[in-house]
Amino acid sequence: MSHVTRSHRLSQSAVDFIDEPYLFSLLEQPAQAGEVRDIIAKSLSKEPLTVPETAKLLTIQQPDLWEEVFDAARRLKRDVYGNRIVLFAPLYIGSECTNDCVYCAFRRSNPNVVRRTLSPDDIESQVCHLLDRGHKRLILVFGEHPRYSPEFIADCVRRVYAVKRPRANIRRVNINAAPLDHEGFATVKAAGIGTYQIFQETYHHETYAKVHPRNTRKGDYLWRLDALSRAMEAGCDDVGIGALFGLFDWRFEVLGLVSHAWHLQRHYNVGPHTISFPRLRRAAGVTLDETYRVSDEDFKRLIAVLRLSVPYTGLILTAREPAELRRAVMEFGVSQIDAGSRIEVGGYTEVGDAQVLEREQFELGDLRPLDEVIRQLMTDGYIPSFCTACYRLGRTGEHFMEYAIPGFIQRFCTPNALSTLMEYLVDYASRETYETGVRLIENELAKLPDGPRKTALIERLRRIRETEERDLYF
């Protein structure tokens, strides 16, 4: 599809804002210690960093300065998010795809992958399985194919919300799917979604063309780059951006993500709700190019830099990464993780504990069940949270920022996190996890200042523990 034939469907702010010569020039200027510390101080005051300021952090050479970046990221994460980690699960709806991305098992030319689309009954079965293990938040994942139309996606969302179990239902559905036009985004939004997530994959134009053949839907760089601007204009005020690290220089991709965040902020008064930063993983029928492989150390650096650059944007770390690395990077940047994940279509009920690479988009690194992940989080001092209150009370988009920027969100998030954790402990947890969780809740309550809100929270926790009442939130 050419830019001319569909130019009327681009957003009002449509422009290729990735100025490659400019971004490369920023990465050629080594950072000095004094300016790095000034930039860190700005971030700790909870101001987003500009693209040039972000670039300065990316050009640090001295190990001691990197340690200052890590320390600042830890402090900023505690100040903005406290010790909460939000949990979700992916639900793959279909693996049909018209694209031919060289790094993806679902690409159309791959004969080694199983193609399937869940039926309405299949969706109900998968959701029941997830509910019975304690999940409350899902992201639905779709290949890019004509059958996965906006109407189809919206129907899947409504089907998920309609599934009920004793004391349980899915409270928030996010979407990872193809770029749509304005009407398509509006259709999906009307089904009650939370965040619409689209990854640019790589912001480097030559690499983008190399890994996404031009004769596919995904081959149009600007159509994809502009997608979340159209989503904003169609009423989707919570959007998620991301890059697939390992396709090109990781430092350039970080600048691309921050440039994208600023573009949305300038034109729509709110940046992305989340940023994702998956690394390339092994996949069936895929030969990985290791030229730009991101080491564990550089992975930690990019997360810390993103945390400092976009203080109020959620950072999502997926189960692509191994458990120990996820545990290591949690403290200085990450605010959301998936857990107990399966990425085979139908995988929650059909494949057991073994990975079946021919049914997956890529290989997972963390296969631990949800209960084990929650127990580890609590052992490490985090509050696992299934909270969805902000989205159902309209605290989204610009309204979310009105709460978050002054720090008022802490008044809601910690109490709501503890309430959803108590639900999990009472309804789903193993004995060991239950005992660990009760101790953590007692410790967290002791930290809260006395007053009406704490009194109300204690009463809600009692009602969850002793009655059938659920979904009690501030």
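Just the residues that are modelled with pLDDT under 95, of a type outside the set (Ser, Thr, Tyr) and out of contact with any helix residue (DSSP H, G or I) (no Cβ under 7 Å at 6 or more places or on another chain), please, taken from the range 101-125.
Scanning the range 101-125 gives Cys104, Ala105, Phe106, Arg107, Arg108, Asn110, Pro111, Arg115, Arg116.
Any idea which of (1) part of a helix (DSSP H, G or I); (2) of a type outside the set (A, V, I, L, M); (3) surrounded by 22 or more Cβ atoms within 10 Å (Cβ to Cβ); (4) out of contact with any Lys or Arg (no Cβ under 7 Å at 6 or more places or on another chain) is the one Lys77 doesn't satisfy?
Result: Lys77 fails condition (4) only.
Among the listed residues Phe408, Phe400, Phe474, Phe412, which satisfies the condition of being touching a His at 6+ places or on another chain (Cβ under 8 Å) and at pLDDT below 95? Before the answer, list the steps.
On the way: Phe408 fails: touching a His at 6+ places or on another chain (Cβ under 8 Å); Phe474 fails: touching a His at 6+ places or on another chain (Cβ under 8 Å); Phe412 fails: touching a His at 6+ places or on another chain (Cβ under 8 Å).
Residue meeting the stated conditions: Phe400.
Within the group Asp155, Asp121, Asp132, Asp100, which residue is charged (D, E, K, R), touching a Pro at 6+ places or on another chain (Cβ under 7 Å), surrounded by fewer than 20 Cβ atoms within 10 Å (Cβ to Cβ) and in the same structural domain as Met330 (by TED's automatic domain parsing)?
The conditions single out Asp100.
Kindly indicate which of Ile40, Ile18 is among the β-branched types (Val, Ile, Thr) and over 24 Å from Val270 (Cβ atoms). So that I can check it myself, show each step before the final result.
Working: Ile18 fails: over 24 Å from Val270 (Cβ atoms).
None of the others qualify; the one that does is Ile40.
Looking at Leu91, Leu87, Leu49, Leu57, which one is assigned to a loop (DSSP other than H, G, I, E, B), under 27 Å from the mean Cα position of the chain (by Cα), among the aliphatic types (A, V, I, L, M) and farther than 25 Å from Lys210 by Cα? Walk me through it before giving the result.
Numbers: Leu91 fails: assigned to a loop (DSSP other than H, G, I, E, B); Leu87 fails: assigned to a loop (DSSP other than H, G, I, E, B); Leu57 fails: assigned to a loop (DSSP other than H, G, I, E, B).
Sole residue among the options that is assigned to a loop (DSSP other than H, G, I, E, B), under 27 Å from the mean Cα position of the chain (by Cα), among the aliphatic types (A, V, I, L, M) and farther than 25 Å from Lys210 by Cα: Leu49.
Just name the residue that is modelled with the highest pLDDT out of those in the range 2-46 that are touching a Gly at 6+ places or on another chain (Cβ under 9 Å) and not β-branched (Val, Ile, Thr). Let's see the steps before the verdict.
Going through the range 2-46, the residues touching a Gly at 6+ places or on another chain (Cβ under 9 Å) turn out to be 18, 23, 46.
Now drop any that are not not β-branched (Val, Ile, Thr), which leaves 23, 46.
Numbers: Leu23: 98, Lys46: 92.
Filtering the range 2-46 for residues that are touching a Gly at 6+ places or on another chain (Cβ under 9 Å) and not β-branched (Val, Ile, Thr), the one modelled with the highest pLDDT comes out as Leu23.
Go through the range 171-197 and give me each residue that's surrounded by fewer than 21 Cβ atoms within 10 Å (Cβ to Cβ) and among the polar types (S, T, N, Q).
Asn176, Thr187
Can you confirm whether Gly235 is crowded, with 23+ Cβ neighbours inside 10 Å, assigned by TED's automatic domain parsing to the domain that holds Cys101 and either more than 22 Å from Pro146 (Cβ to Cβ) or of a type in the set (Phe, Trp, Tyr) (or both)? Outline the logic, then answer.
Numbers: crowded, with 23+ Cβ neighbours inside 10 Å: no; assigned by TED's automatic domain parsing to the domain that holds Cys101: yes; either more than 22 Å from Pro146 (Cβ to Cβ) or of a type in the set (Phe, Trp, Tyr) (or both): yes.
Taking the combined requirement at face value, the residue does not satisfy it.
Taking only pairs six or more apart or across chains, which ones have beta-carbon atoms under 6 Å, a first residue in the range 143-163 that is under 14 Å from Ser95 (Cα atoms), and a second residue that is hydrophobic (A, V, I, L, M, F, W, C) and assigned to a helix (DSSP H, G or I)?
Qualifying pairs under 6 Å: Ile153/Val188.
From Gly219, Gly143, which residue is more than 24 Å from Ala417 (Cβ to Cβ), over 23 Å from the mean Cα position of the chain (by Cα) and of a type outside the set (S, T, N, Q)? Steps first, please.
On the way: Gly143 fails: over 23 Å from the mean Cα position of the chain (by Cα).
So the residue among Gly219, Gly143 that is more than 24 Å from Ala417 (Cβ to Cβ), over 23 Å from the mean Cα position of the chain (by Cα) and of a type outside the set (S, T, N, Q) is Gly219.
Residues in the range 439-453 that are under 21 Å from Gly134 (Cβ atoms) and surrounded by 15 or more Cβ atoms within 10 Å (Cβ to Cβ): how many?
As a first pass, look at the range 439-453 and keep what is under 21 Å from Gly134 (Cβ atoms): 439-442, 444.
The next check asks that each one be surrounded by 15 or more Cβ atoms within 10 Å (Cβ to Cβ); those that pass are 440-441, 444.
So the count comes out to 3.
The values are calculated or read from the model by the stated rules, or taken from the named source; none is laboratory data. This structure is a prediction, so every number in the text was calculated from the model and none was measured. Every residue, glycine as well, gets a Cβ built from its backbone with ideal geometry; the counts of neighbours run over all protein chains shown.
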